[in-house]
Amino acid sequence: MVPLAEHQALVIDNGPDPDKVDRCLHRLDITRVPLLVLTHLHADHVEGVPGLLRGRRVGEVEIGPLDEPAVERQRLMGWLGSTRVTRAQIGEARQSGEVSWTVLDATARHGTDSDPNNSSIVLRLVTHGVSVLFSGDLEGDAQRELLSRGVDLRADVLKVPHHGSRKQDPDFLDAVHAHVALTPVGADNPYGHPAAQTLKRIEDDGARVYRSDRDGDVAITLRHGRLGSVGRGGDGVPPPTAPDAVGPSAAPADLRWSVPASTMTLCDVPVVPSEASEPRARAPPWKDGRVPANDLLVPLTLVVGDEEFLVARAVSVVLKAAREANAAVETVDLECASLQPGDLTEALSPSLFGDEKVIVLRAAQDLVKEVAAEVLAYVADPVPEILLVVQHAGGAKGKATVTSLAAAGARRVECPKIAKAGERKDFVRGELRADKRQVAEEAVTALLDAVGNDLRELAAAASQLLSDTEGPITEEVVGRYHRGRAEASGFTIADRAVDGDLAGALELVRWGQATGLAPVLVTSALASTLRSVALVASAGRQPAHVLAGQLGMPPWKVEKTQRQARAWRPDGLSSALQAVAKADGEVKGAGSDAGYAVERALLAVVSARGGGGR
């Protein structure tokens, strides 16, 4: 983060955590970002963008030459909406007040160990006379290419490439010859970053080396013509020789006040808690009510939280248990915002014939005072034939209703927002231990790496592992089923095809083939997605929450499938399903080339969209 003017800053990359990005910029009182530079589109550089957008205006977003990973680009464009997006060009020069910067490299490279890393934007920035080299995740071969072109890499401050990994060219680091080196790296990351030899080389070149997992936020300052550096949680490692010309210029106090305007700040984990914003409490591990079915059939269930998938599942397990007990049970699904006094009277009244029903009240935080009073009066004397499920988003709004319902003896299910990596690990660990198996920690990490952060896909992947395997869940077991990258998962490919994006589907499936994604996962995902489209299309035009109860699908999936179904006709669906069934047989042994069979199926699905196919 480089300040440009009061409340304004140039931001380069965004990390993986929106909450941390938001806290950092809030702490530094940044409300406008004229330019956001994303050196490349890996998740650990772009997933924090929603946090930057919270209450801030962004003038322009500059990206590199590659649109890979495709899924991250798609997510980014969704977050940015109408915000202007441009591509960096080599030699591009800009200035804002005392800050100027030049693009030294923005070359699309293919066939490398990591094309996105090696196609990173490289910037040389000068602020108040201090030069800074931002090198993205550039690796050794690309670094050598810059050296061969004679690019002037000298800088006072270096953002160490690729989190300080081993993939460095020592001559590149020597050519920068920085006084201060900043290494953004996640604590206890599974990649072994940063590499000891990389940091030692930089230290030997005379730099004070900071790493964010130990030193927290780091600010670069200029006071009385002297370059300084401040770590919120540590002082970095000084160079082994020469006087400390760049040591800490202030105690690691509240950076809002101790750092002058001529500052560059590396935002990461605040090792020392900030008074400006307390870190959000870690959500407890998710428990979805995996208890005997009869325990679900209680008069009152209170679902609290705003994690959509978890909320949908918490409601669905009650509905499933009720239907297993009585197939004729009636389901009533109500949005609390539309309820007026008296609307609940009929729904909550006992039936003359003793009929059983489940009533779901959604978004109880939106209940008006009078209707909330009706709900509380009912739970004081519930009807035996009725199961009441109340969903509340959590937070301060309507909190008194939650407190009163909990006091009335409700079975409470917590569905907190899962945003942090540790919380997702807790979720995956709980899913894999559902049948009391031993689960290796490496298996949890491997599944997250392979499938990504989407809870729905993680739950489905865990369910598949439990269904298809026996014994302990190890990294090897996960690898047999999920070697593909998250952006090349079977369901992501299927969604692209069903949406008519042939180029995107082929790009992802070829990446999946290169990284070991089993063709059968693609054909099964295609079949599942097309069946969902057919099921929702045949159910008629009804609100998603109504169809969800009828079809046994969560509302989010109904809404998504309804959007997809608008472009399909019955004869096209029939043609597409036949093509996928043929491909499924070929990838299971009936054909000689599984990859070709999958690509031919994708073409057939896209061709069938909107019509009858070929």
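Here's the yes/no breakdown for (1) closer than 21 Å to ASP571 by Cβ; (2) outside any loop (DSSP other than H, G, I, E, B); (3) of a type in the set (D, E, K, R):
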| position | (1), (2), (3) |
| --- | --- |
| ALA503 | no, yes, no |
| LEU517 | no, no, no |
| LEU521 | no, yes, no |
| ALA527 | yes, yes, no |
| ARG531 | yes, yes, yes |
| ALA534 | yes, yes, no |
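So, in the stretch 193-207, exactly how many residues are open to solvent by less than 40 Å² (accessible area, probe 1.4 Å) and under 33 Å from the mean Cα position of the chain (by Cα)?
Going through the stretch 193-207 one residue at a time, the tally reaches 6.
Without any contact (Cβ under 8 Å) to a residue 24 or more places away in the chain and aliphatic (A, V, I, L, M): which single residue out of LEU547, LEU506 fits that description?
Just one listed residue meets the conditions, LEU547.
So which strands (runs of 3 or more DSSP E) are wholly in the stretch 256-357 and hold at least 3 residues that are open to solvent by less than 80 Å² (accessible area, probe 1.4 Å), at pLDDT 90 or above and touching a helix residue (DSSP H, G or I) at 6+ places or on another chain (Cβ under 9 Å)?
Fully inside the stretch 256-357 and qualifying: 300-304.
Of all the residues that make up the stretch 59-70, how many are surrounded by 19 or more Cβ atoms within 10 Å (Cβ to Cβ) and in a strand (DSSP E or B)?
Final tally of qualifying residues: 3.
Of everything in the stretch 432-458 that's open to solvent by less than 10 Å² (accessible area, probe 1.4 Å) and either farther than 21 Å from ASN189 by Cα or of a type in the set (Val, Ile, Thr) (or both), which residue is nearest to the chain's Cα centre (by Cα)?
The qualifying residue nearest to the chain's Cα centre (by Cα) is VAL444.
Considering only residues that are in contact (Cβ under 8 Å) with a residue 60 or more places away in the chain and more than 14 Å from SER120 (Cα to Cα), which ones fall in the stretch 154-174?
ASP156, VAL157
Sort out for me the helices (runs of 4 or more DSSP H) sitting completely within the stretch 404-498 that have 2 or more residues that are of a type in the set (A, V, I, L, M) and farther than 30 Å from GLY610 by Cα.
421-432, 441-451, 455-468, 475-481
Looking at the stretch 71-116 only, could you name the residues that are of a type in the set (Asp, Glu), more than 30 Å from ALA450 (Cβ to Cβ) and open to solvent by less than 50 Å² (accessible area, probe 1.4 Å)?
Residues satisfying the conditions are GLU92, ASP105.
Criterion first (out of contact with any strand residue (DSSP E or B) (no Cβ under 9 Å at 6 or more places or on another chain) and under 30 Å from ALA363 (Cβ atoms)) does VAL558 satisfy it?
Yes, satisfied.
For the stretch 119-135, enumerate the residues that are out of contact with any strand residue (DSSP E or B) (no Cβ under 6 Å at 6 or more places or on another chain), buried (at least 24 other Cβ atoms within 10 Å of the Cβ) and not β-branched (Val, Ile, Thr).
SER119, SER120
Across the stretch 92-105, which residue is farthest from ILE12 (Cα to Cα) among those that are in contact (Cβ under 8 Å) with a residue 24 or more places away in the chain and not acidic (Asp, Glu)?
GLY97
Against the conditions (1) over 27 Å from ALA108 (Cβ atoms); (2) surrounded by fewer than 21 Cβ atoms within 10 Å (Cβ to Cβ), where does ALA43 fall short? Just the number, please.
(1)
With the structure loaded, tell me whether SER532 is open to solvent by less than 50 Å² (accessible area, probe 1.4 Å), under 28 Å from ILE359 (Cβ atoms) and of a type in the set (Ser, Thr, Tyr) or whether it fails that test.
Here the answer is yes, as SER532 does meet what is asked.
Quick one: in the stretch 108-131, of everything that is β-branched (Val, Ile, Thr) and modelled with pLDDT of 95 or more, which residue is farthest from the chain's Cα centre (by Cα)?
Among them, the one singled out is VAL122.
Kindly provide the set of residues from the stretch 49-91 that are closer than 24 Å to GLN8 by Cβ and polar (S, T, N, Q), ordered by number.
If the condition is that a residue be closer than 24 Å to GLN8 by Cβ and polar (S, T, N, Q), then SER82, THR83, THR86, GLN89 are the ones that fit.
Please enumerate the residues belonging to the stretch 2-40 that are part of a loop (DSSP other than H, G, I, E, B), touching a strand residue (DSSP E or B) at 6+ places or on another chain (Cβ under 9 Å) and buried (at least 20 other Cβ atoms within 10 Å of the Cβ).
ASP13, ASN14, LEU28, ILE30, THR39, HIS40
Anything in the stretch 575-597 that is polar (S, T, N, Q) and surrounded by 15 or more Cβ atoms within 10 Å (Cβ to Cβ)? List them, or say none.
SER575
The values are calculated or read from the model by the stated rules, or taken from the named source; none is laboratory data. Only a predicted model underlies this, so the values are computations on that prediction, with no experimental measurement involved. Every residue, glycine as well, gets a Cβ built from its backbone with ideal geometry; the counts of neighbours run over all protein chains shown. These accessible areas exclude ligands, DNA and RNA; they are computed on the full protein's heavy atoms, side chains included. Shrake-Rupley method; radii C 1.70, N 1.55, O 1.52, S 1.80 Å.
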